[in-house]
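These notes are about the structure you will find just below.
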Ligand code: ADP
């Protein structure tokens, strides 16, 4: 039944008649209530949107502030990282120049330090240059069918003396007959070098590094494992961010740029691969680079196996590395 909102007598002509005005099936109160509900809903949505926007803006600002802070720390760390090797190089070069060495052994030690420190400088500068190219989207890769194991062996060979001098024991296990992958040699070498360098820098008493290259599913797995300080699980993702350095828990005195792993991740992803980590504080870390192998159907022919003799002899000349027996042979 319709409720009349307004009732008027139709007098004086129709005295006994009344005119009623109302809505059909509703009332002004009901309409007002529904309008009120609608407005309330709209206000609610608007407030929610506003709140979400505020949270997003706040988060963006916090992130920006953290980035600015990280950049400041980065600049101070990099300055330190540049200054230390340079002053060491200058000091020992001057000592040598002035002939202030007692014997050839001492001179040799000084040359060794100069060599080590200049390598450290090269690594840092390469990382910074690479990072700026990556940031500008100008990092280019030249991929070619390559044996990943060869690249890894080369890196370890070039680093071997430094590892031995620092008291590290290294072990390399390479599975023979590995298929090839599309690899930019220089870039992969840099990624492996960054991992090995981290393994050295973040190890304390247990100076042992294990590097292995083997097939895992459809990927070539390059593993770099240490028995160093380790990384808490909560940090496993963040350490791959640019400038990020672990500062909680086992606070390390090692200076660094916080770029090494960000570059590793970028390089590996450019190879359509991925990098994984297994690590726990005090238990060491294991970083694994997974690179997809070239599938026979992708190149229209069977992937050429790596000449096992070449790896074995290269590995042997690298100074007694283990070449793991392929369990399938
Ligand atoms: P950097 O070593 O210059 O600080 P990286 O990007 O290479 O930068 O590493 C980021 C952080 O991850 C390091 O500061 C360190 O805290 C942690 N980290 C990397 N590799 C290791 C490792 N092998 N063992 C323990 N911590 C590591």
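No lab work stands behind these numbers, since they all come straight from the coordinates. Only a predicted model underlies this, so the values are computations on that prediction, with no experimental measurement involved. Neighbour counts run over all protein chains shown; Cβ positions are idealised from the backbone, glycine included.
For the reader, a short list of remarks on this structure follows.
- Residues residue 206 and residue 50, FRET efficiency given R0 of 51 Å [Cβ-Cβ distance, rounded to 0.05]: 0.40
- Using a Gaussian network model of the chain in which every pair of alpha carbons under 10 angstrom is joined by a spring, one finds that among 121, 195, 50 the greatest mean-square fluctuation is at 50.
- Taking every DSSP beta bridge that has both ends in the chain, the antiparallel portion is near 85%.
- Cα long-axis angle, helix 185-201 against the chain (0 to 90 degrees, to the nearest 10): 90 degrees
- Inter-label distance, nm, simple model (7 Å from Cα along the C-beta direction), residue 136/residue 37: 6.2 nm
- Max mean-square fluctuation residue, GNM over the chain, Cα-Cα springs under 10 Å, options 290, 188, 88: 88
- Treating r as the C-beta distance of residue 185 and residue 234 and R0 as 51 Å, the FRET efficiency rounds to 0.90.
- Residue exposure proxy: 214, 271, 4, ordered by other Cβ atoms within 10 angstrom of their Cβ from fewest to most, comes out as 4, 214, 271.
- The order of the peptides 170-183, 105-118 by mean Cβ neighbours within 10 Å, most packed first, is 170-183, 105-118.
- Annotation for the stretch 178-219 versus the stretch 116-153: alpha-carbon center distance of 13 Å.
- Only Cα sites of the chain enter the Debye sum here, all with the same form factor; the resulting log10 I(q)/I(0) across q = 0.08, 0.15 1/Å is -0.52, -1.29, listed in q order.
- Projecting label points 7 angstrom from Cα along Cα→Cβ for residue 6 and residue 241 puts them 6.5 nm apart.
- Theoretical ellipticity at 222 nm over the chain - DSSP helices of four or more residues, -39500 (n - 2.57) apiece, nearest 500: -17500 deg cm²/dmol
- With 0.36 nm allotted per residue and the present C-alpha distance subtracted, the residue 277-residue 18 stretch has 84.6 nm of extension available.
- Label-point separation in nm, residue 97 to residue 254, each point 7 Å along Cα→Cβ: 3.3 nm
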